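Colleague: Sharing a structure here in structure tokens format.
The values are calculated or read from the model by the stated rules, or taken from the named source; none is laboratory data. Quantities reported herein were computed from a predicted structural model and do not represent experimental measurements. Please note: Cβ atoms are built from the backbone with ideal geometry, for glycine as well, and neighbour counts cover all protein chains shown.
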Amino acid sequence: MKVVIIGAGVAGLAIGWRLAQAGSEVTILDRAQPASGASWAAAGMIAVTAELADASAPEIEFARYANSLWPSFAEEVEAASDRVIGFSRAGALILAADEAGLARLRKQTSEPGLEMLDAGQVRALAPMVTGPQEGALWSPKEARVDNRALGIALSHAFQRAGGTLIANEAVVRIERQGGRAAIAHTPFGLYPADIFILAAGAWSGLLEEVLAPITPVKGQMIALAPPRGAMPPQQVIWGNGIYAVPRGNRLLVGATVEDVGFDTKPTDAARGSLRARAQALMPGLMRWTLAEHWAGLRPRSPDGLPLLGPTKLDGLWLAGGQFRNGILFAPAIAQSVTAQLLGKAAPIAAFDPRRLA
Ligand SMILES: Cc1cc2nc3c(=O)[nH]c(=O)nc-3n(C[C@H](O)[C@H](O)[C@H](O)COP(=O)(O)OP(=O)(O)OC[C@H]3O[C@@H](n4cnc5c(N)ncnc54)[C@H](O)[C@@H]3O)c2cc1C
């Protein structure tokens, strides 16, 4: 089977890698450098508790499944690429500012392994958290990965498995022939295939507005670097409208959620607000310096759920709409889409792209 994947983010790369391993002839085209979109901008959280408090049952099930795949997926990516991707299951503390917040968090403790901590226990676990808080939900299941390293590692794994990766070449049109997707056009060439997988993240809708109704949601983040002798907390910390993710000796703080189209300009207001919110929780951060400030675009579908599988156009498939959880979902997306394409699984009904008019 000859497959062309449009977009070399973690979704396109992970699917391409699995398909190449299964013997398909796969070409991935990216309009820029591989994994330089949302997969680069992300915080790398595998936030299987914090991000899913209000999620639907299929999304929770998919996220838990993805979380269960992560340890072996990370090991396999590292072995196949000879790169370290910084996967770690060090847990997350989800802080509550008041009694109402604690009550909301308590509802999640029916899940095995999660527990409520009082303010003293929070400080014992994360001594940097000296700002006001009433307690926290502790989720030892939460993990994280260095998403920038992951993107590069997947690019290597994919190519080592026999895949062709073409950077700096945008697909501008998918030509139809006889009622099916037939040829991807770029400014430099034509790429015929049996199957096309549109995995162009937030930009997918620009190529196929009707079949891939995906829109961008801007997110800004900052990275703080420690003064001599200081270290970030070991866990991911959620609270006061932000999350803080340790990455090496830095602390990443995110993220804004902005409906502003394809604008990716970092703003002074967002930088100031992220920093102030993090400092209120961890006053010691006042001595940390700003190391980086960036923005990326999350891919959102009309109902907020992923789009994984065939579209109404024969030969055109989608892997998109992961919104805030595309890193978390990556191993499960690769597995699901590959199994569907090889005829070994049906689309997940809630994520079937054909559910949308
Ligand atoms: C600030 C921020 C923080 C986030 N934090 C997390 C997190 O902690 N955990 C988590 O699970 N998720 C997180 N996310 C969400 C996650 O990053 C995305 O869901 C995920 O990266 C989407 O992956 P993707 O491969 O679909 O898209 P992308 O990584 O955006 O890749 C799409 C690729 O398609 C290419 N492309 C676009 N148009 C074309 C074209 N016409 N032709 C060829 N190529 C094209 C782009 O150049 C890009 O490389 C975050 C996102 C943001 C912005």
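Colleague: On the basis of being surrounded by fewer than 15 Cβ atoms within 10 Å (Cβ to Cβ), outside the structural domain of Ile46 (by TED's automatic domain parsing), more than 23 Å from Gly9 (Cα to Cα) and not β-branched (Val, Ile, Thr), does Arg271 make the cut?
Modeller: no
Colleague: Which strands (runs of 3 or more DSSP E) does region 180-237 wholly contain that include 1 or more residues that are among the small types (Gly, Ala, Ser) and touching a strand residue (DSSP E or B) at 6+ places or on another chain (Cβ under 8 Å)?
Modeller: Because the criterion is at least 1 residues that are among the small types (Gly, Ala, Ser) and touching a strand residue (DSSP E or B) at 6+ places or on another chain (Cβ under 8 Å), the strands (runs of 3 or more DSSP E) in region 180-237 that meet it are 180-185, 215-225.
Colleague: I need every pair where a residue in region 166-179 that is in the same structural domain as Ala8 (by TED's automatic domain parsing) has its Cβ under 8 Å from the Cβ of a residue that is among the hydroxyl-bearing types (Ser, Thr, Tyr) and modelled with pLDDT of 95 or more, sequence separation at least 6 or different chains.
Modeller: Ile166/Thr27; Glu169/Thr186; Ala170/Thr186; Val171/Thr186; Val171/Tyr191; Val172/Thr186
Colleague: Using the structure shown, decide if Ala291 is touching a residue at least 24 places away in the same chain (Cβ under 8 Å), within 22 Å of Ser36 (Cα to Cα) and either surrounded by fewer than 19 Cβ atoms within 10 Å (Cβ to Cβ) or of a type in the set (Gly, Ala, Ser) (or both).
Modeller: Yes, satisfied.
Colleague: Restricting to region 239-290, what's the tally of residues that are under 20 Å from Gly44 (Cα atoms) and among the polar types (S, T, N, Q)?
Modeller: Count: 4.
Colleague: Oh, and also: Just need a number here: residues in region 218-247 that are surrounded by fewer than 21 Cβ atoms within 10 Å (Cβ to Cβ) and touching a residue at least 12 places away in the same chain (Cβ under 8 Å).
Modeller: Of the residues in region 218-247, 12 are surrounded by fewer than 21 Cβ atoms within 10 Å (Cβ to Cβ) and touching a residue at least 12 places away in the same chain (Cβ under 8 Å).
Colleague: If you scan region 11-50, which residues turn out to be in a helix (DSSP H, G or I) and within 6 Å of the ligand (Cβ to nearest atom)?
Modeller: Within region 11-50, Ala11, Gly12, Ala38, Ser39, Ala41 qualify.
Colleague: If you don't mind, another one. In this structure, does Gly304 turn out to be in contact (Cβ under 8 Å) with a residue 12 or more places away in the chain and either among the aliphatic types (A, V, I, L, M) or within 26 Å of Ser204 (Cβ to Cβ) (or both)?
Modeller: It is true that Gly304 is in contact (Cβ under 8 Å) with a residue 12 or more places away in the chain and either among the aliphatic types (A, V, I, L, M) or within 26 Å of Ser204 (Cβ to Cβ) (or both).
Colleague: Do we find a residue being within 27 Å of the chain's Cα centre (by Cα) and of a type in the set (S, T, N, Q) anywhere in region 113-136?
Modeller: For region 113-136, residues within 27 Å of the chain's Cα centre (by Cα) and of a type in the set (S, T, N, Q): absent.
Colleague: Of all residues in region 343-354 being touching a helix residue (DSSP H, G or I) at 6+ places or on another chain (Cβ under 8 Å) and in contact (Cβ under 8 Å) with a residue 60 or more places away in the chain, which is nearest to the ligand (Cβ to nearest atom)?
Modeller: Checking each candidate, the answer is Phe351.
Colleague: List the helices (runs of 4 or more DSSP H) inside region 51-164, counting only whole elements, that have at least 2 residues being within 30 Å of Ala276 (Cβ to Cβ), touching a Gly at 6+ places or on another chain (Cβ under 7 Å) and touching a residue at least 24 places away in the same chain (Cβ under 8 Å).
Modeller: 147-160
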